[in-house]
Amino acid sequence: DLDVRRKHTGRSSIPEPTVQPFPVPQSVTEVWRFGAVTVLAGQVRHQPVYPAVGYRIETPDGIIAISGDTLVCDEVGELADGADVLVYEAMRFSVIDQLPPERRFIRDYHADTLAIGKQAAELGIPVLVLTHLIPPPQNADDREAFLSDVRQGGFTGEVIVAQDLDSVSLG
């Protein structure tokens, strides 16, 4: 994947990650620990892709949950329970509904912004970061629409409609 992306973007180098494979967890399970940082993984719903996982990163400074590609589901809620920051992939179903019927299938395995707002509000998440934005925003109004949808879902905390290389600090 990294090599394909390097070629596609014309970059001469790629990151050299250390891959830590782990068995598909049946429930939220610790998959890596380094000092005071613990990474947990749990299955999420991204059918027909199976398995798919989300992550929970616990640090002395706070807890971050990352949905991965998924529908809004109880499994993400389990990963995000008590988190300080929830990073969620986000799709505006209202826009996708305007596509021809044969292209709406992507709704079957991505998270709707309204449902994200509802779930994040129910969980009491302080900071919600929207990422993997579908459709990709073309301007400030498009970005604002993601925020508006999450608010319509009931979320009143801080929302960041992320762009590549954005960062969020805990504390």
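The values are calculated or read from the model by the stated rules, or taken from the named source; none is laboratory data. Computed from a predicted model, the values in this text were never measured in an experiment. Every residue, glycine among them, receives a Cβ derived from its backbone with ideal geometry; neighbour counts consider all protein chains shown. We work out accessible area using only protein heavy atoms, side chains counted, and drop any ligands, DNA or RNA first. Shrake-Rupley method; radii C 1.70, N 1.55, O 1.52, S 1.80 Å.
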Counting only residues in region 7-34 that are outside any loop (DSSP other than H, G, I, E, B) and open to solvent by 60 Å² or more (accessible area, probe 1.4 Å), the one farthest from residue 108 (Cα to Cα) is identified as 34
Restricted to region 131-171 and to residues being at pLDDT below 95 and among the charged types (D, E, K, R), the residue least open to solvent (accessible area, probe 1.4 Å) is 166
Counting only residues in region 55-69 that are in a loop (DSSP other than H, G, I, E, B) and either in contact with a strand residue (DSSP E or B) (Cβ under 6 Å, 6 or more places away or on another chain) or touching a residue at least 60 places away in the same chain (Cβ under 8 Å) (or both), the one surrounded by the most Cβ atoms within 10 Å (Cβ to Cβ) is identified as 67
Scanning region 35-54 for residues that are of a type in the set (A, V, I, L, M) and open to solvent by 20 Å² or more (accessible area, probe 1.4 Å), the one modelled with the lowest pLDDT turns out to be 49
Residue 42: passes all of (1) within 17 Å of residue 159 (Cα to Cα); (2) in contact with a Gly (Cβ under 9 Å, 6 or more places away or on another chain); (3) in a strand (DSSP E or B) but (1)
Among the residues of region 112-130, the number that are assigned to a loop (DSSP other than H, G, I, E, B) and open to solvent by 40 Å² or more (accessible area, probe 1.4 Å) is 2
